[in-house]
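The numbers here are math on the coordinates, done by the rules we state, and not lab data. Since the structure is predicted, the reported quantities are computational estimates derived from the model, not experimental observations. Cβ atoms come from the backbone with ideal geometry, glycine included; neighbour counts cover every protein chain shown.
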Amino acid sequence: MSKRLTDIICPFCGTLCDDIEVEVSDDGKQILEVYNSCAIGSEKFLHAQSPDRITRPRMKQEDGSWKETTYEEAAKYTAKILCDAKKPLMYGWSSTSCEAQSTGHMIAEQVGGVLDNTATVCHGSTLIAMQDVGIPSCTLGEVKNRADRIIFWGCNPAHAHPRHMSRYSIYSRGYFTGKGSKSRKIIVVDPRPTDSASLADEYIQVEQGRDYELLSALRAALRGAQLPDKVSGVTKEKIYEIVDILKGGRFVVIFFGMGVTHSLGKNHNIDMAIALTADLNNYTKASIIAMRGHYNVTGSGQVLGWQFGFPFCVDLSRGFARYNPGETSSNDLLMRGEVDGCLVVGSDPGSHFPIASVKKIHDIPTVCIDPHTTPTTAVSTCHVPVAIVGIEVGGSCYRMDNVPIESRKVVDPPAGMLTDAEFLGLVLKEVNHIKGVAE
């Protein structure tokens, strides 16, 4: 016998699909089948059943082997390295709940740590641009129901956010977009002809690193200015044509990804994209949304924002919050050798940081809190596996459009396994004990 749970949140990407159905065994211990999710989302649910999964904390020995330990001992070790460090780095936070993030921030306050999330190597430039010029945004629900002009700039949702197009941006049938894709014009701007580009009505092949110039040209064309024959590899005729398409729509939405945030210009590209969106509002309704990756990287920025006033790169080493990307960001601190202890939660810098930074993580005491075995756990001195948020424990998360959504528990975690919030609670208790702080 089995039962089917409905309206489950998928804890994979920033789309946070909330229509997942999961068939579980009657005893609530095993996931039998996953419905409605993409292939990646289904794999994340089913991975919880992996027979090779690590279910207890483990410490690395001098010979490089692992030795199993208890959560209590792992919490004491974590508290000790954080308290002993002059400037501990506490990185990640993007694949965990807002509750766990808040507990981790309390630890950082006590130990004078640096809090940074995956935006530092992802959409950090977006956050800087938003602080510079603001952002005219909207919810994905408004996109589904109203948007008839969609731009994907420097992103490939067909691979990175597989259900984004069917739920919100291309094929979804909304209140004012009842014909789905036939109600919309889709424009893709990318240096490469991606799978998303193959679905577009208009594919603009911009030259690599020349996004700023093309965005500026679109703004100029919107004002009726004269353009050179080509801008960023795109003919002026095509630029004027795109502008006419956008001006002719009822609701324009620009989705942009790391192809813009990581190319030449970085946050200034986003400044210009936001300015283009603002200009379009003189002719029609327009909004812009960042295509966020981890399912709760948006939530990490939100929680850091309401607790410390900054969305990432928060340095608490002086007893108050400081924010200066380039100085207080993870890679810069690691490269300069300023970090002497590290806690990684819900992310994998071992896969995504430069090798020089990964070597620094390897060389200092590092605790990695992660349900999975990753390259980061391999270079850590302590690996603490925890229950998977959105599958084995519920928690608050923020969708890429800053809408908070409560994830739900689907099955029980392996016997005796703690959640990340529970383990961080143990660490906070130990830190308070070491610091002599009253409970």
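Couple of notes before you dig in:
- Part-to-part distance (alpha-carbon centres) for segment 261-317 and segment 339-361, which is given in Å: 24
- Residue of 138, 342, 83 that the Gaussian network model of the chain assigns the largest fluctuation, springs spanning Cα pairs under 10 Å: 138
- The angle separating the long axis of helix 297-308 from the principal Cα axis of greatest extent in the chain is about 70 degrees.
- Too-long pairs where the Cα-Cα distance tops 32 Å, listed order kept, from 86/409; 144/266; 182/266: 86/409; 182/266
- Across segment 245-311, the volume of the C-alpha convex hull divided among the residues equals 116 Å³ per residue.
- Within straight-line reach of residue 87, meaning a Cα separation under 22 Å, sit the following lysines at least 8 residues removed in sequence or on another chain: 76, 359, 360, 429, 435.
- Normalised by 2.2 N^0.38 Å, with N the number of residues, the alpha-carbon radius of gyration of the chain equals 1.03.
- Acute angle (nearest 10 degrees) that the helix 211-222 long axis makes with the longest principal axis of the chain, alpha-carbon atoms: 40
- Theoretical ellipticity at 222 nm over the chain - DSSP helices of four or more residues, -39500 (n - 2.57) apiece, nearest 500: -10000 deg cm²/dmol
- Charge tally for residue 356 (other residues, Cβ to Cβ under 12 Å; Lys, Arg +1; Asp, Glu -1): +1.
- Spin-label proximity, residue 131 to segment 294-329 - amide N less than 15 Å from point 7 Å beyond Cα toward beta carbon: 301-316, 321-329
- Helix 420-435 and the longest principal axis of the C-alpha atoms of the chain enclose an angle of approximately 60°.
- GNM flexibility winner over the chain from 397, 13, 38 (Cα, springs under 10 Å): 38
- Between residue 433 and residue 25, full extension at 0.36 nm per residue minus the direct alpha carbon distance yields a gain of 142.7 nm.
- Between residue 6 and residue 39, the simple label model (points 7 Å from Cα in the Cβ direction) yields a spacing of 2.9 nm.
- GNM top mover of 56, 336, 250 - the chain, alpha-carbon springs below 10 Å: 336
- On the basis of the beta-carbon distance and an R0 of 41 Å, residue 72 and residue 338 show a calculated FRET efficiency of 0.85.
- Remark on residue 117: its backbone amide H falls under 5 Å from those of 92, 313, a criterion applied only to residues 5 or more positions apart or on other chains, H modelled at 1.01 Å from N.
- With a Förster radius of 25 Å applied to the beta-carbon distance between residue 61 and residue 318, the computed FRET efficiency rounds to 0.10.
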